[in-house]
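Participant: Shown below is the structure under consideration.
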């Protein structure tokens with residue numbers, strides 16, 4: 001479990017093709033300082049398991065399923081990625097509950113700059129837009145953000161990025177056309193599931 005508060009901007013060191021998987025090596029001095037084999041780390045919002053650790057780098061196995069359904073398949077050596085360690089029971093929950101299970105891939109369609117923040121508009125896959133609520137939470141590339149606008153008509157949402165987010169995460173340099181991993185609020189999915197079964201049972 002994560003909170004969507006990015007701890008570090010890491011850099012992809014290597015990608016090794018394994019046929020039906022990829023071995024991904026990332027440099028992240030901060031998140032690897034206390035990492036152990038088997039630990040969970042979020043990479044652009046995807047929960048990955050540490051398979052190797054070597055100084056300031058860690059390596060994880062990324063399955064074909066993950067490559068096909070997230071933006072991780074587009075990474076290359078030198079790519080910057082958002083990194084977050086799993087939350088502990090003593091941590092502050094600064095963002096919202098993020099599982100690291102990406103629900104779909106969106107694309108940035110517009111970016112408006114202002115003096116103190118940027119407003120980014122993201123096209124959302126049709127099957128996910130129903131889970132997006134105005135002033136609700138969403139994880140974009142693993143970053144916990146508040147939805148500032150949502151349009152069911154064109155299937156988009158907007159988020160406002162403060163200077164800290166622009167400086168400390170990959171969202172600071174994403175441009176229209178770039179892909180982002182999306183994870184909707186898990187509470188919305190459970191509510192829908194319960195209501196669906198309630199109607200069927202009734």
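Participant: Among the residues that make up the range 3-12, is at least one of them farther than 26 Å from residue 186 by Cβ and in contact (Cβ under 8 Å) with a residue 40 or more places away in the chain?
Facilitator: yes
Participant: Take the conditions over 22 Å from residue 178 (Cα atoms), outside any strand (DSSP E or B) and touching a helix residue (DSSP H, G or I) at 6+ places or on another chain (Cβ under 9 Å) and apply them to residue 116. Does it pass?
Facilitator: Yes, satisfied.
Participant: So how many residues does the range 123-181 have that are part of a strand (DSSP E or B), under 24 Å from residue 86 (Cα atoms) and free of Cβ contacts under 8 Å to residues at least 24 places away in the same chain?
Facilitator: Result for the range 123-181: 2.
Participant: Here is a list: 159, 191, 150, 180. Which entry is closer than 17 Å to residue 113 by Cα and either crowded, with 17+ Cβ neighbours inside 10 Å or over 21 Å from the mean Cα position of the chain (by Cα) (or both)? Explain how you work it out, then say what you get.
Facilitator: Numbers: 191 fails: closer than 17 Å to residue 113 by Cα; 150 fails: closer than 17 Å to residue 113 by Cα; 180 fails: closer than 17 Å to residue 113 by Cα.
Exactly one residue qualifies, and that residue is 159.
Every number in this text was worked out from the coordinates using simple rules, so none of it is lab data. Keep in mind the model is a prediction, meaning the values are calculated, not measured. Glycine also receives a Cβ, built like all others from the backbone with ideal geometry; neighbour counts cover every protein chain displayed.
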